[in-house]
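Okay, so here's the structure we're looking at.
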Amino acid sequence: MKKTKRLRKLINSKKLEFIMEAHNGLSAKIVEETGFKGIWASGLSISAAMGVRDNNEASWTQVLDVLEFMSDATSIPILLDGDTGYGNFNNARRLVKKLEQRNIAGVCIEDKQFPKMNSFINGQLQPMADIDEFSGKIKAMKDTQNDDDFVVVARVEAFITGRGLEEALKRAEAYRKAGADAVLIHSKRSDIAEIEAFMKEWAGRLPVVIVPTKYYMTPTSKFQELGISLVIWANHNLRSSIEAMKNISARIYRDESLVQIEKDVASLEEVFRLQGVEELEAAEEQYLPSSEQDLDERI
Ligand code: SPV
Ligand code: MG
């Protein structure tokens, strides 16, 4: 099944589904091997892995290059965190074109202004997009996609910017009318109150996606109960790798030796396996001359 269709199925499924953050080819591969049915290409994680801020400091084509590696390394669908679409409707529709060429299954855009800022930094101060402008952007993206199953998720930042339920509903409804396939309702509260209030009023008009980074204490059964479609575990491969790298760097620095740490890092064999070394060895058998004699005959 096409990646786009698989993402669409995840979003429309009656069952609560989950996708997991990745930020490069390696982490994408690990997400797939773990068993996840989809990948969140997180803007925060990709930018952090590049050593820059989540403020559109990395250009959109640099993000595209990372996505290409992620897509080539995996067979499950990728939903790109497309920030604000990297400009106006025209930039956003060109993004869709380029994503389809790279076999990316969908993109989520948020109703803020370019350059964006991460939702958990001074959310209250962040300017939102004009509703009509953002709706036009969604419409342009939907009109551009070649594959009917390509998914556009509209992310509502009304709670993040402190504007409340009424504004969140008004925006979500406008984006639904503009053709969005799902709504991502974001909250920076440590409880699920805003999401719960939204879900009650929204009443299933479109599938709803959430990112419970801040309300991580909420049991997953509550998401199911509220009728949420898709949960994004948004940054936990990045954060776990930061902890692991800090720990191992510090120990090697302190010990000036590898004696104590070898048992605590992935083996080289595991690195080679993840890179697919075996496949290359098999291909060499098939395509490279097998002996000096073969080579002599061919010359
Ligand atoms: C991301 O993963 O980059 C997101 C989710 O956009 S959040 O960091 O919660 O804004
Ligand atoms: Mg982001």
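The values are calculated or read from the model by the stated rules, or taken from the named source; none is laboratory data. Remember, predicted model here, so these are calculated numbers, not experimental data. Quick reminder, even Gly has a Cβ in these numbers, built from the backbone with ideal geometry, and neighbours come from all protein chains shown. Accessible surface is based on the protein model in full, side chains and every heavy atom, while ligands, DNA and RNA are left aside. Shrake-Rupley method; radii C 1.70, N 1.55, O 1.52, S 1.80 Å.
Before moving on, here are some points about what is shown:
A quick yes/no check of all residues on (1) within 30 Å of THR213 (Cβ to Cβ); (2) touching a strand residue (DSSP E or B) at 6+ places or on another chain (Cβ under 9 Å); (3) in a helix (DSSP H, G or I):
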residue	(1), (2), (3)
SER241	yes, no, yes
TYR253	no, no, yes
GLN260	no, no, no
LEU274	yes, no, yes
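- Matching residues, region 63-80, being open to solvent by 10 Å² or more (accessible area, probe 1.4 Å) and within 25 Å of PRO127 (Cα to Cα): VAL63
- Pair list, Cβ < 8 Å and 6+ apart or interchain, from region 114-133 residues that are within 11 Å of ASP83 (Cβ to Cβ) to residues that are away from ligand 2 (no atom under 15 Å from the Cβ): PHE114/GLY87
- LEU280 assigned to a helix (DSSP H, G or I), in contact (Cβ under 8 Å) with a residue 60 or more places away in the chain and not assigned by TED's automatic domain parsing to the domain that holds GLU21: no
- The helices (runs of 4 or more DSSP H) located wholly in region 1-69 include none with 3 or more residues which are within 16 Å of ARG239 (Cα to Cα) and among the charged types (D, E, K, R).
- Taking first residues from region 36-51 that are open to solvent by 50 Å² or more (accessible area, probe 1.4 Å) and partners that are at pLDDT below 95, the Cβ contacts under 7 Å between residues at least 6 apart in sequence or on separate chains come to LEU44/ASN118.
- In region 145-172, the residues that are in a helix (DSSP H, G or I) and either surrounded by fewer than 18 Cβ atoms within 10 Å (Cβ to Cβ) or within 16 Å of ligand 2 (Cβ to nearest atom) (or both): GLY164, LEU165, GLU166, GLU167, LYS170
- Number of residues in region 158-170 that are over 13 Å from GLU201 (Cα atoms) and of a type in the set (Lys, Arg): the value is 1.
- Residues that are under 16 Å from ALA182 (Cα atoms), in a helix (DSSP H, G or I) and of a type in the set (D, E, K, R) within region 102-142 comprise LYS137, LYS139, LYS142, listed in sequence order.
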